[in-house]
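A short worksheet on the structure shown next.
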Amino acid sequence: MTEPVITEDLIAAHGLKPDEYQRILQIIGRVPSFTELGIFSAMWNEHCSYKSSKKWLRTLHTTGPQVLCGPGENAGVVDIGDGLAVIFKMESHNHPSYIEPHQGAATGVGGILRDVFTMGARPIAAMNALSFGEPSHPKTAHLVKGVVEGIGSYGNAFGVPTVGGEVRFHRSYNGNCLVNAFAAGLAEADKIFYSAASGVGMPVVYLGAKTGRDGVGGATMASAEFDDTIEEKRPTVQVGDPFTEKRLLEACLELMASGAVISIQDMGAAGLTCSAVEMGDKGGLGIKLQLDSVPQREAKMTAYEMMLSESQERMLMVLKPEMEAEAKAIFDKWDLDFAIVGETIPEDRFLILHGNEVKADLPLSKLSSSAPEYDRPWVPTPAAAPLGAVPAIDPIDALKALLSSPSYAHKAWVWEQYDSQVMADTIRTPGLGAGVVRVHGTAKALAFTSDVTPRYVKANPVEGGKQAVAEAWRNLVAVGATPLAATDNLNFGNPEKPEIMGQFVGAIKGIGEACRALDFPIVSGNVSLYNETDGKGILPTPTIGAVGLLDSVDDLIGGQPQEGDVAVLIGSGTGHLGQSALLAEAFGREDGDAPQVDLAVERRNGEFLLANRKHIVAASDLSDGGLALAAFEMAEAAGIGLSLELAETPALFGEDQARYLLACRPEAVEALLAAASAAGVPCAQVGRFTGTDFRMGHSAASMAELSGVYRSAFEAAVG
Amino acid sequence: MKAAVITFPGSNCDRDLAEAFAKAGAEVTRVWHKETELPKGTDIVGIPGGFSFGDYLRCGAIAARSPVGQAVAAHAKKGGYVLGICNGFQVLTEMGLLPGVLMRNAGLKFVCRTVGLTVATRESAYTAGWQTGSVIRVPVAHHDGNYTADAATLQRLKAEDRIAFTYVDNPNGAMADIAGILSDNRRVLGMMPHPERVVDAAQGGTDGSVLFRSVVGALAEA
C-alpha cells in the first residue's frame, strides 16, 4: 500500500509545529515516511514528551529514604517495610472521557492499572478525581453518568476496590471534564520490573489483546484543544475490555514469577511505538519489529495504524529466550495472544518492517531524547484583589447552601457504583476522607486520598499548589496513617498562553515546597495540558494522589462519635473566607486570595495528631466548607446531632489550613488538651455530639432535615 | 473437611472465598476452570464472585458450560454441597442447580453497599449458626442481582422453606426480597451478598464468618 505524501497539511494534522518538523529533517537527514511521521508525532506530542512541562517537573521533590523508584518509570515505587513496596500513579483520561465518557473513563482506569501491574504489582486500590461542568450544563449529567459507569464497569470487573476520590462541578469544566484515575499495587520490593531492555538479540514479545484501529492518533488528540469538530474525534477513543485486562494481570504476574521477563512495558498512549522506544531507549539498545507478526483484530492494517493503535490490554516484553516455551504456556493458559514480534539490536535504530518493506528506520534514542523541550514564556499570576465584604448569613442557611451543592453533597450515588470491597481488605470505605486497605497477609494498612482545590490554584497558584499537597497529607493523617509519598496529575489549559503557563509554574513551585517541607516526595505523575474549549481554559487542577502507611490496622482512626463525645478543634485561624466554598455556593462569588499554608504548622499539627491517636475516636481534616461542613459530615455519618459553640460565619466556614476536627470521649479530652499545650499546638473544645439537631451557636436544624438535603442533592442535580 | 474453590477467568473473589473457608477450618484447594474433575474427597465447592468470562453473553452463562461446570453439576447431583456467591449464584442458576435468574438491578446501576439481611431459615448447614429471623449485615456488590422467577417457583421456594436470606431494604428489585436460596436438598446455596467480605472485625463486621463456620463445622462432623 502506498503511503500518503508528506505535506504541510499532513504535518499540521499530526500536531507537529513547523520548527518541530525541521528538527525531524535535521535528525534523519531526509523526508520521513508517513509511518515515521506518525511515530515522531506520537513521541513528540505533549502527552508523551512532556515538552512544555519537563523543565518544571525536574524541580519537584522526588526523593527520600522511602522512595525506591521516583518519576520516569510506569509508576512510583515506595518502600513500606517487611520487604514490600507500594507502587502507584495517577493519570488523566480527560479528552477521551469528554468525547466518549463511558469508554474514555473505563480505559483510563485500565491504563493506570496496567501502569501498576507492568511493574510486577498486584493492584490493591483505585481512586478517581473527577471534575465536571456546571450541573445545569446540557452535557454534564450525561458525562457524570457515563464516566461513573465507565469507571465502575472496568474497576469492578477487573476486581480492584475503588476506595476514594473526588467529584467537583464548576463551569470552567463545561467543555473539558477531568477524569484522573489513580491505582496502587503491592509487590515485593526486590521483585519490581522496570522498562529498560537489556541484551542484544533478545526476543521482543507482544502480549495480551489483538491490535485494532482503535485509538489511532489518540495521544495526539489528547494534546490538542477542542473545538466544534469534537464529534469527529470519537473514533480516536479506545474501547476497554476489563475481562482481558484481568487475564493479562494474572498472566503477567505468573510470567514475572517464572523468571522469564527481562523488561516489560504496557502499551498505553501511542501503543507499540511508545512502549518499544521506551524499552530500547532506557536500555541503550535498538529495536527491530516485524509487524506481520503482530496479532491483528482487523484486516489489512497498515504499519502506520499498527504503530499508532491504542488498542487496550496489551503489553510488550523483552523475554529470556530460553524461557519462551514456559512463557507461552502461561499465556495459552489464560487464552491471550503471545507473539514474538521483534528483537533487540545493538545499534541505535528503530527499524519497522512490514511485508518486505522497511516502513520506518529511525535513530531510536533521538525519538525521546531529542524530543523538543520548551521553556514556554510565562507570567506570574497577579496577586488576588482583597476579599470584598461578605454579607451576613444564618449559619444553617450557609450550611444548606453547601449541602445542596453537588460538589459538597453526599456522593453515595457515585461510589456505590464502584466495588469498594473486592479483595476483602478494605477497612475504610469511601465517603469520609481517605480510604484504607489492609496490606494482605500483614498487620499493616495503606491509606489513599486525592485532593486539590482548583479555586485556590486559580487565585494563587503557589499557595494553591501547597494547599493541595497539605490537604492530601492531612487526609492521610486524619485516618492515623503516616504520609509516605504522592503522585501528581497536573491538569491545565493551553501552555502556549503565558498566563496559563504561569499557573503551571506557580503550582509546581507550591507543590515542590510543600513536598519538601513535609518529606512527602512526588514519585510519579502525569501532565494534561490543552484542557481548553474554544479558547477557554479550565480552572488549574493539579490533583494530588497520596499514600500513607499504618503500621497496624489497630492504628486506624476510624471510629464514630457517640452521645456525649466532645468535638475538639486542632489548629487555629483567622476565619479565611477568600475563595471559600461558602462564597462560591451561598453567594456565587469566587474572590479574595487562597488561604496561606504554613507548612511548619501543618507538620507540627499533623505529627501531634498521630502521636495522640489513642485519645481520638474520629478525625477529619478541615478544608472546603471549614469547620461547619466537616463537623456536619462527621455527625451525619455517625447518625448523631452536634452542638457547636461557635456562631460566627468566618469561624464556622473559614478555610484556614492545618486544622482538624476530632471527636473524643469526654474522659480523654483532658489528656489531649494537656498534650497539646505541651506541644504548643492550638487545641480547643468546640462542641459536643448530642441529640438529633445540628446546632451552631443559636441557629439549629434537625439532622434529619439536613441529612435529607445532603443525601439527595447529588442525584437531584445530575443523577 | 475439604473445600474446592473454582477460578474462572474473570473471577475476582476467588482468593477471598478460599481464605474465608480456610479461616473457618476447611482444607482448601483452588481449582482452575479447565479441570474436568474436582479434587478427590471434595465436600463443598465454592463458586466465587467476579465477572466470569467478562459476564459476556449473560452473567454466569459461559462459566456454567465450562469443563469444571460438568464436574460441579455431578458433585451436586450426588448430594455434594455447593456455595455460589454473587457471580457464583448466577452460575448456579445458569447451570440449573438453582431455579430462577438474576436480572439487571431494578435501578440499572451497579450497587455496592452493606445491607441488612434477614436469615429466612436456619434449616441448612449454612444458616444453622443463626436463629431464623436474625438480621445480619453483609455487603452486596453487583449489577445483576435482581432475583426473578415465575410465580410457581416462588411459591415452591416459600412452601419448601428454601429462601435462605432476604433483604431488609431491597437494593436491586429482587422478587420477594430474595438475597439467597437453597436447592431442594438444601445443600446448594446461592446468594448475592458477599459473606466472605465480613469474616474479620477489621472488615467492619464478622457476620459472614458464622456461615463459613457453620457449614465447615457441619461437614467436618459428617
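The values are calculated or read from the model by the stated rules, or taken from the named source; none is laboratory data. Since we're looking at a predicted model, the values are computed, not measured. Quick reminder, even Gly has a Cβ in these numbers, built from the backbone with ideal geometry, and neighbours come from all protein chains shown.
Side notes on the structure shown:
- Tally of residues being hydroxyl-bearing (Ser, Thr, Tyr) and surrounded by fewer than 11 Cβ atoms within 10 Å (Cβ to Cβ) across segment A:6-42: 1
- Residues that are within 25 Å of B:HIS143 (Cα to Cα) and of a type in the set (D, E, K, R), drawn from segment B:21-76: B:ASP55, B:ARG58, B:ARG65
- The set of residues in segment A:244-259 that are more than 14 Å from every other protein chain (Cβ to nearest Cβ) and either out of contact with any strand residue (DSSP E or B) (no Cβ under 7 Å at 6 or more places or on another chain) or more than 28 Å from B:SER52 (Cα to Cα) (or both) comprises A:MET256, A:ALA257, A:SER258, A:GLY259.
- B:ALA128 vs. criteria in contact with a strand residue (DSSP E or B) (Cβ under 7 Å, 6 or more places away or on another chain), farther than 19 Å from B:VAL28 by Cβ and either within 14 Å of chain A (Cβ to nearest Cβ) or assigned to a loop (DSSP other than H, G, I, E, B) (or both): no
- Of all residues in segment A:1-32, those satisfying the criterion of being small (Gly, Ala, Ser) and more than 21 Å from A:SER369 (Cβ to Cβ) are A:ALA12, A:ALA13.
- Among residues of segment A:330-346 that are within 10 Å of A:GLY208 (Cβ to Cβ) and within 14 Å of chain B (Cβ to nearest Cβ), those with a Cβ under 8 angstrom from a residue that is in a strand (DSSP E or B) and among the acidic types (Asp, Glu), sequence gap 6+ or separate chain, pair up as A:PHE331/A:ASP337.
- Pairs where the first residue, in segment A:629-645, is touching a residue at least 24 places away in the same chain (Cβ under 8 Å) and the second is of a type in the set (S, T, N, Q) and surrounded by fewer than 23 Cβ atoms within 10 Å (Cβ to Cβ), C-beta under 7 Å, 6+ apart: A:GLU636/A:SER707; A:ALA637/A:GLN560; A:ALA638/A:GLN560; A:ILE640/A:GLN562; A:GLY641/A:THR690; A:GLY641/A:THR692; A:SER643/A:THR690
- Top-ranked residue in segment A:191-210 [being among the β-branched types (Val, Ile, Thr) and over 22 Å from A:GLY72 (Cα atoms); ranked as surrounded by the fewest Cβ atoms within 10 Å (Cβ to Cβ)]: A:VAL200
- Total residues in segment B:131-168, condition within 28 Å of A:GLY431 (Cβ to Cβ) and away from chain A (no Cβ under 14 Å): 9
- Some residue of segment B:16-27 being at pLDDT 95 or above, assigned to a strand (DSSP E or B), crowded, with 21+ Cβ neighbours inside 10 Å and facing chain A (nearest Cβ under 9 Å): no
- Qualifying residue in segment B:129-139 (condition: free of Cβ contacts under 8 Å to residues at least 12 places away in the same chain and on the phi < 0 side of the Ramachandran plot): no
- Residues in segment A:100-124 that are under 17 Å from A:GLN417 (Cβ atoms) and either hydrophobic (A, V, I, L, M, F, W, C) or assigned to a strand (DSSP E or B) (or both): A:ALA105, A:ALA106, A:VAL109.
- Out of A:GLU602, A:GLU585, A:GLU590, A:GLU607, sole residue that is in a loop (DSSP other than H, G, I, E, B) and either within 14 Å of another protein chain (Cβ to nearest Cβ) or at pLDDT 95 or above (or both): A:GLU590
- Among the residues here, B:GLY116 qualifies as in a strand (DSSP E or B), touching a residue at least 40 places away in the same chain (Cβ under 8 Å) and not aromatic (Phe, Trp, Tyr).
- Qualifying residue in segment A:131-144 (condition: within 14 Å of another protein chain (Cβ to nearest Cβ), in a loop (DSSP other than H, G, I, E, B), in contact with a strand residue (DSSP E or B) (Cβ under 9 Å, 6 or more places away or on another chain) and hydrophobic (A, V, I, L, M, F, W, C)): no
- Looking only at segment A:260-288, and only at residues there that are among the acidic types (Asp, Glu) and within 22 Å of A:LEU336 (Cβ to Cβ), the one that is nearest to the other protein chains (Cβ to nearest Cβ): A:ASP266
- Among the residues of segment A:463-494, the ones that are buried (at least 24 other Cβ atoms within 10 Å of the Cβ) and either of a type in the set (A, V, I, L, M) or in a loop (DSSP other than H, G, I, E, B) (or both) come to 16 in all.
- Scanning segment B:183-203 for residues that are out of contact with any strand residue (DSSP E or B) (no Cβ under 7 Å at 6 or more places or on another chain) and within 11 Å of chain A (Cβ to nearest Cβ) yields a count of 3.
- Selected residue (criterion: nearest to the other protein chains (Cβ to nearest Cβ)) from residues of segment B:77-96 that are more than 13 Å from B:ASP144 (Cβ to Cβ) and crowded, with 22+ Cβ neighbours inside 10 Å: B:ILE85
- Residues within segment A:426-452 that are part of a loop (DSSP other than H, G, I, E, B) and within 14 Å of chain B (Cβ to nearest Cβ), tallied: 10
- Among the residues examined, A:SER153 does not qualify as buried (at least 24 other Cβ atoms within 10 Å of the Cβ), modelled with pLDDT of 95 or more and touching a helix residue (DSSP H, G or I) at 6+ places or on another chain (Cβ under 9 Å).
- Among the conditions (1) part of a loop (DSSP other than H, G, I, E, B); (2) surrounded by 21 or more Cβ atoms within 10 Å (Cβ to Cβ), A:GLY548 misses just one, which is (1).
- Test set (1) within 16 Å of A:PHE492 (Cβ to Cβ); (2) surrounded by fewer than 20 Cβ atoms within 10 Å (Cβ to Cβ); (3) among the polar types (S, T, N, Q) - A:THR63 fails condition number: (1)
- Check on B:ALA151, surrounded by 24 or more Cβ atoms within 10 Å (Cβ to Cβ) and closer than 26 Å to B:LYS109 by Cα: no
- Of residues in segment A:107-130 being under 16 Å from A:LYS411 (Cβ atoms) and touching a helix residue (DSSP H, G or I) at 6+ places or on another chain (Cβ under 8 Å), the one farthest from the other protein chains (Cβ to nearest Cβ): A:LEU130
- Qualifying helices (runs of 4 or more DSSP H) (wholly inside segment A:621-701; at least 3 residues being modelled with pLDDT of 95 or more and closer than 25 Å to A:ILE393 by Cα): A:626-638, A:649-653
- Residue check for A:GLY164: of a type outside the set (Lys, Arg) and part of a helix (DSSP H, G or I): no
- Of the criteria (1) under 30 Å from B:ASP144 (Cα atoms); (2) buried (at least 23 other Cβ atoms within 10 Å of the Cβ); (3) more than 9 Å from chain B (Cβ to nearest Cβ), which one A:TRP415 fails: (3)
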